[in-house]
Amino acid sequence: RCLPRKYQKHVVICSFRGSVSHGLTLEIGETVQILEKCEGWFRGFSTKKPTVKVNTIIINLSLSVCVSYRQYETAVPLEDPVITEVTSTLQEWAVLWKQLYVKHKVDLFYKLRHVMNELIDLRRQMLSGHLTQDQVREVKRHITVRLDWGNEHLGLDLVPRKDFEMVDADQISVSDLYKMVSVPAAITHTNCLQTPFPWRCRMFECWHANLLVLFAGRMLLNDSKKGPPHVHYRRPYGCAVLAMSDVLQTISELKEEKDFVLKVYTCNNENEWYQIHENIIRKSIHLSISLSNWAGLIISLQLLRGEMEQVRRENPMIFNRCVAITRKLGFPDVIMPGDIRNDLYLTLERGDFERGGKSVQKNIEVTVYVLYADGEILKDCISLGSGEPNICEHRFFVLYHNNSPRWSEVIKLPIPIDRFRGSHLRFEFRHCSTKDKGEKKLFGFAFTPLMREDGTTLSDESHELYVYKCDENTTFSNHALYLGLPCCKDDYNGCPNIPSSLIFQRSTKETLWISTQLSSTKLTQNGMDLLALLKWKAHPDRVMDILGRLRHVSGEEIVKFLQDILDTLFSILDDNTDKYGPLVFQSLVFIINLLRDSKYYHFRPVMDTYIQKHFAGALAYKELIRCLKWYMDRSAEVVRQDHIQEAMRALEYLFKFIVQSRILYSRATCGMEEDQFRTSIQELFQSIRFVLSLDSRSSETLIFTQAALLNSFPAIFDELLQMFTVQEVAEFVRGTLGSMPSTVHIGQSMDVVKLQSIARTVDSRLFSFPESRRILLPVVLHHIHLHLRQQKELLICSGILSSIFSIIKTSSLETSVQEEVEMVVESLLDVLLQTLLTIMSKSQSQEAVRGQRCPQCTGEYVSCLLSLLRQMTDIHFQHLLDNFQSKEELKVGLIAKLHMTNRLQVQNPFVWNSYFSLAVLYINQPSLQLETLTPAKRKKILDKYGDMRVMMAYELFSMWQNLGENKIHFIPGMIGPFLGVTLVPQSEVRNIMIPIFHDMMDWEQRKNGNFKQVEAELIDKLDSLVSEGKGDENYRELFGLLTQLFGPYPSLLEKIEQETWRETGISFVTSVTRLMERLLDYRWEFHFFYFYFRVSMVDWSCHSTEAAFTLLLYWELLQWEERPLREFLHYPAQSEWHRKEGLCRKVIHYFNKGKCWEFGIPLCRELAFQYESLYDYQSLSWIRKMEAAYYDNIMEQQRLEPEFFRVGFYGRKFPFFLRNKEFVCRGHDYERLEAFQQRMLGEFPQAIAMQHPNQPDEAILQCDAQYLQIYAVTPVPENVDVLQMDRVPDRIKSFYRVNNVRRFRYDRPFHKGPKDKENEFKSLWIERTTLTLTHPLPGISRWFEVEKRELIEVSPLENAISVVENKNQELRTLISQYQHKQLHGNINLLSMCLNGVIDAAVNGGIARYQEAFFDKEYIGTHPEDTEKITQLKDLMQDQVHILGVGLAVHEKLVHPEMRPLHKKLIDQFQMMRSSLCHVRAQLFLCSTQGNQRQCGYSGQCFYVALQGLPGLDKLSSASNPRGILTSHSPMSPESIKLMHRHR
C-alpha cells in the first residue's frame, strides 16, 4: 500500500548487504525512497540507483522529511542536524584521510585520526540520549570546534553556524549570511560562553585559599607536664595556602573532585602570625618555616558552573551531603528585591596592653559577646564559619608572651534586624597563666555599640576602642555602668566631662583595634540623607529638603536599598501629588539614570523585578505623564536643558512605571478612565513630535536633547504594546519618525543618532509584526532613501537594510511579504543600484571622509541587493517593467542594471551584449565549477540545485534564438565569450553552445559570402584561451565528427554538410580540431618539462639535485670575467664573475641538500681556485671547510639508494610528447613500486595500468585510450672501476651504483625448451632488456626518455654466475658494516642473511647449481662453458670463504639466548662446505681424466687435487693481508679450527 508522502524517504543508519531474494544493497547514510510496505517488507529504491526497484527487508531506517527546492527534493533526517553533519563529514574525511598518508603528510594524518575518533565518541554520546541540555550544548561545542578544525586543515569549506548548527542558506537572507561569514566568530561558534565567565575566571586567578590551623590544649606544644591540661587554649599552629590559578588550570575540564595536597607552614615568630599567609604567597620563607615533610592538608575541590539553582538541580548528590554554602564577604553583584541579609563581619585586628608589673609579657585571650539593650547575651549570634553552629561567645586564639598581639581573626555576627538597635559588643581581656593551675585572670574590657542614636550602624572602617580596667571579681550584671562611658575617641569627644569616680577607669595606655564590614539590605550607615528619606514621615516638614538631598547619597547605598527608596518615593507622591510631584519625578529620573551607569548597570534587573512584582503606585502614571510632557513642552524655551535631557534618557523606565501604574489602576477600577489615559498618551506623543520637529541647527543644546530622546525612544515600544494594539503603536512610531526633519544636512552627529534610532526601531519586536511593518516601512525607507541619495552614513544604512531583509525573509516563511517587497523595490532599488555603482567606481583610497565613502560596506550593499533580488517574484519584476514609460527608457534602465551586476563599464549600447556577458560570467564563476569540488560538496549542490550552468546555458541559447536577424550584430564580438562557455568541462553545456557557432558562420556567410571574421576570431580566441591554460582532453573533440548535440540537432559537421558552403565549413572545422589538438599537446609538453625549472626557481623541497643540475646549465654559460650583466629573472645587475660565483654557491648548496656531495666537490675546488687566485683567503677558508665537510658527510651520513622505474605511455589519448614513448624515472626517497604506480595513476586518472611487462601490440598503441606500463629497473653503473676496488668503502660504492647512470636493466625469466621438473635451473633463461636514456640520471629532471633498447638472452649458467656474484657482494657489504660497527645493537639482519644463504645452500640454492652445471653430462655436452663453470666454482668458493668470516663475526656479536641458532648455522655450514668440496673433487677428476675414469679417490688424493684447483690461491695468504679477515678481532678456537679446515 502507498505510504503518506512525508514518510516516503528514509536514511539508512545501518548497512544492509541485500543477500536475500530481491534484496537491495544499502550503505549507511544512503537515502531510500519507500513505495510500499507490507508486514515488515518494504518495496522501494535507493536514490543513488533509482532504476533498481526491489523488495527488501529493511530493519533499521531513520525517519526523514522530504524538502523540495524548485524541482529538486532532498531527504533530511529527523535526527539532530549536528549528528547528521558529523556523519557526512566523517564519510568525506575518510577518503581524504587516506590520501594524507599517500602524500606523506604524516603529522596531519595522525592528528586527523585522533580528531575523527573524538568525533565518533562525541557522536555516540549525542545518540545515547542521556545528556542534559547543558551537556548537549557542551558536546555540540566540542563537535563543531573539531569539525571546523578538520575542514580548515583539509582545505574544505568552513560553514556558517548558528547555535552550533549549519545554517540553511534558503532559510535566511543573503544579508544575514554575509554577516555570519564576514565575522570570524560567527563561523566558529556563537554564544559559547557567557560574558561574565571570563571575567570571573580572571578574578579567581588572583585568589588564594588560606587554611589556618589552630590547636586546643596547653599553652606550649613542647610542654613536658604530664596529665591532661586544666585549661584549653586556642593556639596558632600553622597555615597552608592554595593558589586558585593552579586550581582552575587543573579542574576546569574535570567533572569530578580533585585532591590537592597543601604544605603547612608555621612562623618563626608569633608576631608575624597575622600575615603568615601573605608571607607564604610572597614566598617569604625566611619568615615562615615548614613544620615537616609530612605535615600537610589534603582537600578535595570541584568546579561547578552556573547559578545556584542550576547547580543544585544538576548536582543533587553533592547537596545531599550537608554542603555549606558561603555567601560573599560583602554584597553580590546584584541584590534582587526580596533578598534579605543582615551580617556584620568583625575583624579583631590588634591590641596594645601594659605589662602590669610582671617580669614577662602577658598571654592575652580575648572573649567577645553580643549583648542586647537589656544586658542579655544574644544567643547564636556569633558564627565562626559556614557549616559551623552559631555560638554565644567566642574566644580568640592566644599569642604567647605578647603585649602587642596582632590577630586578624574574622568572625561573622548574624544579628537579627530587630535586635540590632540597642545591641553592643563587649570584649573581655584575660591573662592566661602557664602555671599548674592554668588560671585566666580578667584585667580589662572594651565595648562598642552597633548602632548610633541617629539609627546608622557602625561604619565600615577600623575602630580604636578604649580599654577599661577591671579585675576577676568584676561583674557586668549592670551593663549601664559602662555603656555610658565613651567606647572610642569619637564618643569621648562627644562627652568630655566624665567623672573620675566611676568604678571602671580607662587604661590610657591600652587600646584595641577592630574593623567591621556590614552586609545589610535594611540597615544603612548614611544617617543624614538616606535614613531621613526612609523615615520621612517622622519629619513631614522636611520632605522637600530630603528629596533634594537624595542626589548626595552614594550610588552604592541607593542600589542597596533600591526597593525601599522607590517605595518611599511613591508613598510621598501618593501623599501630596501637587506638592511633591515634580521633586519625586526628578528623584525618580536621578535613580533611573544612576542605573545607566556602567558601575550599576547590572542592577537594572532589580528595577525590572520591582516594577513587575513590588510596585504599587496605581495613581503614579498621571503625574509621571504630566511631568514628562511638561519637560518636553519647555524644551524650546529653556536655555539650560540638563534636567530635560536627563528625563529624556530615563524615558524607558518612566514608561515602564507609567504602563505598570496604569495596569494596576485598571485592575483596581475595572478599566476606568481608559479614554483619558489614551488621550494623555497621544498628547505626550504630540510633545515628542514637537521636540523632534524643532530646528536644532542653531542650538547645540537642543541637539543633545533630541539625541537623548531618539536614543531612548525605541525602548518604549514593548511597554506601549501592553496597552495598545500593534497598529496603534505603529501609528505612534510612524508619526514620531515622520516628524524628524527630512533633510540630511541638520548635522552629521544628528544624522547618525537619527539612523541609529531607526535601526533600533527595525530591530525591535514591533517591527517583527507584519501589520506594523506595513505601517512603518514607508517612513523608514524614506529616510534611508534620502541618505543613500546623498551618499551619507552608508554603513549605518546598510545595517538597517540588512535587518529589514532579514526580517522580511523570516516572515516570508510563514506569510506573504509581497506588499513589503513591493515597497522596498519602488523606494530603494534604483538608489541602491546607484549607490553600489558609486561605491565600486570610487578609488580605493583609505583617506575618504566618513559619510562620503565607506570602502568597508561594498559587501554589505551587494548582499542587500542580492537579498532584495532573491525576494522579488515575477510580479515584482513585471511591475518594475511596467514603470518604464517607453522602450528607450526600458533599454537604458536595463543596461544600467546589467552593467552594475556585471561590474563592467561597457560602452556598447545594446542590452543584449550586457545580458550575454552577464550570462557568460555566471556560467564561468568558480563557485559553480562542480568538477573542482569534493564529491560530498558536489553531491549536495546537485541534489539541491542541480547544475546551474546547464540551466543558464539553456537560457542563453534561448535568448540567442530570439534574436532572429539581429544575430549579425553580435558577430564577431560574442565569439570570445561564447567560446569561453565551451571551455567549461561539462558536456551538456558544450553541446548547447555548438549550434550558436553554426548560426554565426551561417549569418556571416549570408551577409558577406564567407565567414572569414568568424574563422579569424575563433582561431585567435582558441589560441589565447588554451595559452591561458584552459581546456581539457575532451575539448579537442569539441568540433570533431562525433560531437553529438542536444535534442534534434545533428553534429556540427553534419549540419555544415547541409549548407552550400559545406567545403569551406568542413575545412574550417577540421583545421580548428587539428589546431586544438596541437595547442593542447604543446601546452602539456610545456607544462610537463617547464615544471622542473619552475620548481628549481621556487621550491626545492623534493627536487634539490635536479635544481642543482638546472642551475648548473646556466652556470656553465658564464665565464670568470668582470663583464657587467643586466638584471635577469631574480638576479640583480652585477658582474659576470659575481653572478657565476653566486650560482656556484647555490648549486653547491642544492647538491648538499640532495646529499650528492660528490657532484659538489669539483665545484668547491673550482671556487677555491678562484678565491686563491684573488687572495681571498677568508672565502678560501670557508670553501675548503665546506669541501672537508662534504668528505665527512660521504663517510658518515647514511644515504638511501633510490628506486628507478620504467614508465610507458601508450595510446592516442596521451599528449603528443608522451604518446607511445617510454621513460625511466628516479623515485622519491622511500618510494617503492606500488607508491609510484599510485602517484602516476593520480596524475593520469583516466589511464589503465597494464599488468604485464611485455611490449604492447599495435592495437594498444593506436587506441583512443591511455595505458600505463610501469615496472622497476636496475641501474647499470658506468664507473665500474670504483666498484671493483677492494679498499673503497661501501658508502662510496653505493653512490656510484645509482648516480650518473644512463643504462638500466630489466630481467624477465623464461624457460627455453622443455622445463626440467627436477631442477628448473637447467632450463631457466633470462630475457635481459637494457634501456639507454638520452641523459644520465640524476639530471635536470627526475626522468628522461629512453633512446635505445637492447634485448639479450642470458643462459642458465650465466644467470647462476650473476646470482651468486650479487649475493657475495651483498654478504661482503653487510659483514663489513658489522665489522666496522656501522650497524649497532641488533644483529637480526646478519642472522637472517647468513641463515638464508647457508640453509638454501644445504636444501637447495647453490646445491641446485652444482647439480645442474657441475654434472659430467653437462660438462661433456657444453665444452664452450668450461671457463664459465670455473668462474661459478670460484664464486661458490668465495661465498664459502665469506660465510666463514660472517659466522666468525656473528659468533662475537650473538646474544647468549641466540647461541643455539649460531650452533645450527655452524653445523649447516660444515655440511655445505663438505658438499661443495665433494662436487669439486668430482669436477676435477672428470676434467683431467675424461669420462672413462671413475672418481673414486681417498681423502688424501682429494685434498691434493683440491689444492691444485685453479683459483684456490685467492683463499691463501695472498688474500689475507688485505682481506676482511685481517680486520676482525680474535676468534674462538672453534672458529679458528673451522677457518683452517676451510682453507
Practice prompt. Read through the list (1) assigned to a helix (DSSP H, G or I); (2) hydroxyl-bearing (Ser, Thr, Tyr); (3) open to solvent by 10 Å² or more (accessible area, probe 1.4 Å), then give the number of the only condition that Ser816 fails.
Written response: (1)
Worksheet item: Would it be correct to say that Glu1427 is outside any helix (DSSP H, G or I) and either out of contact with any His (no Cβ under 7 Å at 6 or more places or on another chain) or touching a residue at least 12 places away in the same chain (Cβ under 8 Å) (or both)?
Response: no
Practice prompt. Output yes when any residue across the stretch 862-882 is among the polar types (S, T, N, Q), at pLDDT below 80 and surrounded by fewer than 12 Cβ atoms within 10 Å (Cβ to Cβ), and no when none is.
Written response: no
Item to complete: Please name all residue pairs, on different chains or six or more residues apart, with Cβ atoms under 6 Å, provided the first residue is in the stretch 1205-1230 and is over 14 Å from Ala1272 (Cβ atoms) and the second residue is among the hydrophobic types (A, V, I, L, M, F, W, C) and open to solvent by 50 Å² or more (accessible area, probe 1.4 Å).
Response: Pro1215/Trp1084; Asp1229/Leu1200
Worksheet item: Which pairs do you get when a residue that is in contact (Cβ under 8 Å) with a residue 24 or more places away in the chain and assigned to a helix (DSSP H, G or I), found in the stretch 1350-1369, comes within reach of a residue that is open to solvent by 20 Å² or more (accessible area, probe 1.4 Å) and among the aliphatic types (A, V, I, L, M), reach meaning Cβ atoms under 8 angstrom, with the pair 6+ apart or on two chains?
Response: Pro1356/Leu1324; Asn1359/Leu1324; Ile1361/Leu1435; Val1364/Leu1435; Glu1365/Leu1435; Asn1368/Leu1435
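Yes/no per residue for (1) β-branched (Val, Ile, Thr); (2) at pLDDT below 85:
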| position | (1), (2) |
| --- | --- |
| Leu96 | no, no |
| Asp107 | no, no |
| Val115 | yes, no |
| Ile120 | yes, no |
| Leu131 | no, yes |
| Val136 | yes, no |
| Asn151 | no, no |
Discussion item. I want to confirm something. Restricting to the stretch 1269-1308 and keeping residues that are among the charged types (D, E, K, R) and in contact with a strand residue (DSSP E or B) (Cβ under 7 Å, 6 or more places away or on another chain), which single residue is farthest from Glu1196 (Cα to Cα)?
Written reply: Arg1308
Worksheet item: Got at least one residue in the stretch 1405-1413 being among the hydroxyl-bearing types (Ser, Thr, Tyr) and surrounded by fewer than 18 Cβ atoms within 10 Å (Cβ to Cβ)?
Response: no
Practice prompt. Hey, can you tell me all the residues within the stretch 370-399 that are within 25 Å of Arg218 (Cβ to Cβ) and of a type in the set (Gly, Ala, Ser)?
Written response: Gly385
Worksheet entry | Qualifying residues in the stretch 686-724 (those that are open to solvent by 60 Å² or more (accessible area, probe 1.4 Å) and under 48 Å from the mean Cα position of the chain (by Cα)) - the one nearest to Ile663 (Cα to Cα) | Gln722
Worksheet item: Looking only at the stretch 506-529, which residues are surrounded by 12 or more Cβ atoms within 10 Å (Cβ to Cβ) and modelled with pLDDT of 85 or more?
Response: Arg506, Ser507, Glu510, Thr511, Leu512, Trp513, Ile514, Ser515, Thr516, Gln517, Leu518
Discussion item. Open to solvent by 80 Å² or more (accessible area, probe 1.4 Å) and farther than 30 Å from Gln1119 by Cβ: is that true of Arg1212 in this structure?
Written reply: yes
Worksheet item: Got a number for residues in the stretch 608-625 being open to solvent by less than 70 Å² (accessible area, probe 1.4 Å) and farther than 19 Å from Arg678 by Cβ?
Response: 7
Worksheet item: Does Glu771 satisfy the criteria of being surrounded by fewer than 18 Cβ atoms within 10 Å (Cβ to Cβ) and acidic (Asp, Glu)?
Response: yes
Worksheet item: Say we look at the stretch 345-374 and pick out the residues that are open to solvent by 50 Å² or more (accessible area, probe 1.4 Å) and among the polar types (S, T, N, Q); which of these is farthest from Arg419 (Cα to Cα)?
Response: Ser359
Practice prompt. Determine whether Glu1201 is within 30 Å of Lys1155 (Cβ to Cβ), assigned to a strand (DSSP E or B) and either open to solvent by 10 Å² or more (accessible area, probe 1.4 Å) or at pLDDT below 90 (or both).
Written response: no
Worksheet entry | Conditions (1) under 30 Å from Phe447 (Cβ atoms); (2) at pLDDT below 80; (3) in contact with a Ser or Thr (Cβ under 9 Å, 6 or more places away or on another chain): number failed by Gly357 | (3)
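Residues checked against (1) open to solvent by 20 Å² or more (accessible area, probe 1.4 Å); (2) in a helix (DSSP H, G or I); (3) at pLDDT 85 or above; (4) closer than 30 Å to Tyr1378 by Cβ:
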residue	(1), (2), (3), (4)
Ile1442	no, yes, yes, yes
Ile1466	no, yes, yes, yes
Leu1476	no, yes, no, yes
Gln1482	yes, yes, no, no
Thr1488	yes, yes, no, no
Practice prompt. Could you tell me whether any residue of the stretch 421-437 is in contact with a Pro (Cβ under 6 Å, 6 or more places away or on another chain) and modelled with pLDDT of 90 or more?
Written response: yes
Fill in: strands (runs of 3 or more DSSP E) completely within the stretch 337-410 that count 2 or more residues being of a type in the set (A, V, I, L, M, F, W, C) and touching a Gly at 6+ places or on another chain (Cβ under 8 Å)
364-371
Practice prompt. Report the residue count in the stretch 788-798 for those that are in a helix (DSSP H, G or I) and surrounded by fewer than 22 Cβ atoms within 10 Å (Cβ to Cβ).
Written response: 3
Item to complete: Among the residues of the stretch 910-956, count how many are open to solvent by less than 20 Å² (accessible area, probe 1.4 Å), more than 32 Å from the chain's Cα centre (by Cα) and modelled with pLDDT of 85 or more.
Response: 7
Worksheet entry | Residue count for the stretch 151-166, restricted to those that are free of Cβ contacts under 8 Å to residues at least 40 places away in the same chain and among the charged types (D, E, K, R) | 4
Worksheet item: Which of the residues spanning the stretch 626-675 are hydrophobic (A, V, I, L, M, F, W, C) and open to solvent by 70 Å² or more (accessible area, probe 1.4 Å)?
Response: Trp630, Val639, Ala668, Cys670, Met672
Item to complete: Examine the stretch 725-740 for a residue that is touching an Asp or Glu at 6+ places or on another chain (Cβ under 8 Å), surrounded by 18 or more Cβ atoms within 10 Å (Cβ to Cβ), modelled with pLDDT of 90 or more and part of a helix (DSSP H, G or I), and state whether such a residue exists.
Response: yes
Worksheet, complete the sentence: Scanning the stretch 571-590 residue by residue, the ones that are among the hydrophobic types (A, V, I, L, M, F, W, C), closer than 22 Å to Leu531 by Cβ and crowded, with 21+ Cβ neighbours inside 10 Å total 4
Worksheet item: What do you reckon, is Arg1006 closer than 21 Å to Tyr915 by Cα and assigned to a helix (DSSP H, G or I)?
Response: no
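The values are calculated or read from the model by the stated rules, or taken from the named source; none is laboratory data. None of the values given here were measured: they were computed from a predicted structure. Please note: Cβ atoms are built from the backbone with ideal geometry, for glycine as well, and neighbour counts cover all protein chains shown. SASA here: full protein model, heavy atoms, side chains in, ligands and nucleic acids out. Shrake-Rupley method; radii C 1.70, N 1.55, O 1.52, S 1.80 Å.
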